[in-house]
Amino acid sequence: MGRKSTKENKNIYQLSREAVELTREAAAQQMTFISSDRIEKIENEKSYPHPDEILAMADCYKNPSLCNYYCSHECPIGQEYIPEVTAKDLSVITLEMLSTLNTLSKERDKLIDIAADGKVTEDEIPDFMRIKDKLEDMSLSIESLKLWVENTIASGEIDGGLLEK
């Protein structure tokens with residue numbers, strides 16, 4: 001049986017493992033291809049995790065948000081292109097999404113006018129950028145909803161098989 005960590009500044013990987021009450025050894029047994037020594041190096045930030053290790057940890061620790069964290073914080077490509085998605089309540093996600101949809105509905109005609117000639121002119125840039133920002137808000141709301149679904153499945157609150165096509 002492993003000892004309980006007294007480390008103060010634990011990273012997300014250690015916190016996620018401890019949240020499901022697994023020792024490094026027990027986690028390594030469940031993940032099979034990641035040793036407890038490798039888990040320790042990742043948790044103590046002596047080594048960066050690989051994408052396949054993140055996928056295994058996310059599954060083993062029942063924490064799908066580890067994937068987004070890795071992509072948005074540690075992957076050089078993801079840091080450039082992937083926004084951090086934070087877990088939110090379904091009601092908050094829904095209200096944010098509806099608010100953005102309402103705004104985009106009002107901006108629809110403006111976007112049509114901008115796009116009609118196939119180019120964005122200098123005088124259209126402020127409107128175009130405002131609409132682009134709202135579309136990014138919608139994209140983030142969609143990613144939050146996906147994360148909520150993944151977390152809800154991982155926690156066993158809903159059966160993921162029921163959501164498949």
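The values are calculated or read from the model by the stated rules, or taken from the named source; none is laboratory data. Worth saying up front: this structure is predicted, and the values here are computed from it rather than measured. Heads up, the Cβs are rebuilt from the backbone with ideal geometry, glycines too, and the neighbour counts pull from every protein chain shown. Side chains included, ligands, DNA and RNA excluded: accessible areas come from the protein's heavy atoms. Shrake-Rupley method; radii C 1.70, N 1.55, O 1.52, S 1.80 Å.
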- [ ] For segment 123-130, indicate whether the set of residues that are under 25 Å from the mean Cα position of the chain (by Cα) and farther than 26 Å from Ser36 by Cα is non-empty.
- [x] yes
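Filter segment 89-136 for residues that are part of a helix (DSSP H, G or I) and closer than 21 Å to Asn151 by Cα and give the result.
Going through segment 89-136, the residues part of a helix (DSSP H, G or I) turn out to be 90-115, 122-136.
Selection gives Leu90, Ser91, Val92, Ile93, Thr94, Leu95, Glu96, Met97.
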Task: Hits in segment 88-97 (condition: touching a helix residue (DSSP H, G or I) at 6+ places or on another chain (Cβ under 9 Å) and over 14 Å from Leu140 (Cβ atoms)) - done: Asp89, Leu90
Task: segment 42-74: number of residues that are of a type in the set (D, E, K, R) and outside any helix (DSSP H, G or I) - done: 4
- [ ] Provide a single number: the residues in segment 146-161 that are in a helix (DSSP H, G or I) and either closer than 15 Å to Lys62 by Cα or open to solvent by 60 Å² or more (accessible area, probe 1.4 Å) (or both).
- [x] 10
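Can you tell me which residue within segment 7-31, out of those that are among the charged types (D, E, K, R), in a helix (DSSP H, G or I) and more than 22 Å from the chain's Cα centre (by Cα), is nearest to Trp148 (Cα to Cα)?
Initial filter on segment 7-31 (among the charged types (D, E, K, R)): 7-8, 10, 17-18, 21, 24-25.
Those still in the list that are in a helix (DSSP H, G or I) too: 17-18, 24-25.
Imposing the further condition that a residue be more than 22 Å from the chain's Cα centre (by Cα) reduces the set to 24-25.
Details: Arg24: 27, Glu25: 29 Å.
For segment 7-31, the residue satisfying everything is Arg24.
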TODO: Can you run down the residue pairs with Cβ atoms below 7 Å, 6 or more apart or on separate chains, where the first is in segment 26-41 and open to solvent by 40 Å² or more (accessible area, probe 1.4 Å) and the partner is assigned to a helix (DSSP H, G or I)?
DONE: Gln30/Cys60; Ser35/Ala28; Glu40/Arg24
Open item on the list: Tell me whether segment 63-76 contains one or more residues that are free of Cβ contacts under 8 Å to residues at least 24 places away in the same chain, over 24 Å from Trp148 (Cβ atoms) and exposed (fewer than 13 other Cβ atoms within 10 Å of the Cβ).
Closed with: yes
TODO: Of the numbered conditions (1) over 24 Å from Lys134 (Cβ atoms); (2) exposed (fewer than 13 other Cβ atoms within 10 Å of the Cβ), Asn102 fails exactly one; give the number of that condition.
DONE: (1)
- [ ] Name the residue, out of Ile39, Ile34, that is among the β-branched types (Val, Ile, Thr), assigned to a helix (DSSP H, G or I) and modelled with pLDDT of 95 or more.
- [x] Ile39
Open item on the list: Which of the numbered conditions does Thr86 fail, given that it passes all the others? Conditions: (1) open to solvent by 60 Å² or more (accessible area, probe 1.4 Å); (2) within 19 Å of Leu147 (Cβ to Cβ); (3) at pLDDT 95 or above.
Closed with: (3)
